[in-house]
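Working notes for the structure below.
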Amino acid sequence: MTLKSTHIAALALFTAIAANTVYAADKITDQNKTLATVNGIAIPESRLNLNISALAQQGKPDTPELRKKIQNELIDLEVIAQEAHKKGLDNEAKIIQIIAVTKQNILRNAFVQDYVKHHPIADATLKQQYEKQKKSLTGRKEYKVAHILVSSKKEAKSIIAKLKKKANFNKLAKSKSKDTGSKEHGGELGWTNPQAFVQPFGEAIIKLKKGQISAPVQTQFGWHVIKLEDVRNLNIPAFEKIKAQLAKRMQQVALQKAVKALRANAKIE
């Protein structure tokens, strides 16, 4: 038995709740059905099924071997919990607070699941929001950009001088750039919206012409040499392609409003 294995079972249990998983009634057996008994304390079989359901969300098949493994982990958890209780660890101030916060987080996730279930976003509302956003985005441009990030303005100027002498931008990015996320791709950032970047990086993009290299641009990350590779009209995905994403975003906004209302009605001193 290892602490790592017991942690997996606990993590799977919390993941099951946090992931807003909906369980079919036939997949969770009677709470009174006992999986195992440890020193007279029963472990319900429903706890095993809850873990199995959570792991199924991660693509793990339900097998007898997996069930046996989770069963052993749950027994280990119970053994350790009982021993911790004997030692009085559950009465320590820090542990009491950790348990309280963990319970609150689980209840918060349950509240979110319940709220989403009982406040679905109607297709007509989603479509209306999609058309509104589509209208606001029509006519906008998106830009294919690459950059080289260095530590100083002097380094940036040196790179620009090399580029003016026909040096290869991608090779310079791979050898000089501090941006680990893009340097291996020759500084490529792909098609993007200038508003997605920190300023003045985003502002510099829209001032460039296709194929043009920027002057040194400073942000909190360092100094950038930016290349505008191409420009095109913004590609707005079809409604069905972003329907789920749009619904999730609108549910988040609605949930934030609900929490704000709960806070406004609460007596906070």
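Tabulated data for the structure shown
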quantity	calculated
Filter pass, Gly186 being at positive phi, of a type outside the set (Val, Ile, Thr) and modelled with pLDDT under 95	no
Residue match in segment 125-148 (condition: in contact with a strand residue (DSSP E or B) (Cβ under 7 Å, 6 or more places away or on another chain) and over 30 Å from Gln245 (Cβ atoms))	yes
Subset of segment 126-161 that is over 25 Å from the mean Cα position of the chain (by Cα) and polar (S, T, N, Q) - its residue that is surrounded by the most Cβ atoms within 10 Å (Cβ to Cβ)	Ser158
Which listed residue, of Val79, Val116, Val101, Val38, is surrounded by 13 or more Cβ atoms within 10 Å (Cβ to Cβ) and within 29 Å of Leu255 (Cα to Cα)	Val116
Residue within segment 201-209 that is at pLDDT below 95 and under 21 Å from the mean Cα position of the chain (by Cα) present	no
Only one of Ala93, Ala56 that is assigned by TED's automatic domain parsing to the domain that holds Ile41 and surrounded by 12 or more Cβ atoms within 10 Å (Cβ to Cβ)	Ala56
Single match in Glu188, Glu203, Glu184 (criterion: closer than 26 Å to Lys141 by Cβ and without any contact (Cβ under 8 Å) to a residue 40 or more places away in the chain)	Glu203
Selection from segment 134-172 of residues that are at pLDDT 95 or above, of a type in the set (A, V, I, L, M, F, W, C) and in a helix (DSSP H, G or I)	Ala156, Ile159, Ile160, Ala161, Leu163, Phe169, Leu172
Residue ID - nearest to Glu83 (Cα to Cα), chosen from residues in segment 24-35 that are surrounded by fewer than 18 Cβ atoms within 10 Å (Cβ to Cβ) and at pLDDT 65 or above	Thr34
Residue in segment 220-231 that is touching a residue at least 24 places away in the same chain (Cβ under 8 Å), under 26 Å from the mean Cα position of the chain (by Cα) and more than 25 Å from Asn109 (Cβ to Cβ) present	yes
Condition check for Ala196: at negative phi and modelled with pLDDT of 95 or more	no
Segment 152-176 residues that are free of Cβ contacts under 8 Å to residues at least 12 places away in the same chain and within 12 Å of Ile226 (Cα to Cα), paired with ones that are surrounded by 15 or more Cβ atoms within 10 Å (Cβ to Cβ) and of a type in the set (Gly, Ala, Ser) (beta carbon under 7 Å, 6 or more apart)	none
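The values are calculated or read from the model by the stated rules, or taken from the named source; none is laboratory data. Because the structure is a prediction, the values reported are computed rather than measured. Every residue, glycine among them, receives a Cβ derived from its backbone with ideal geometry; neighbour counts consider all protein chains shown.
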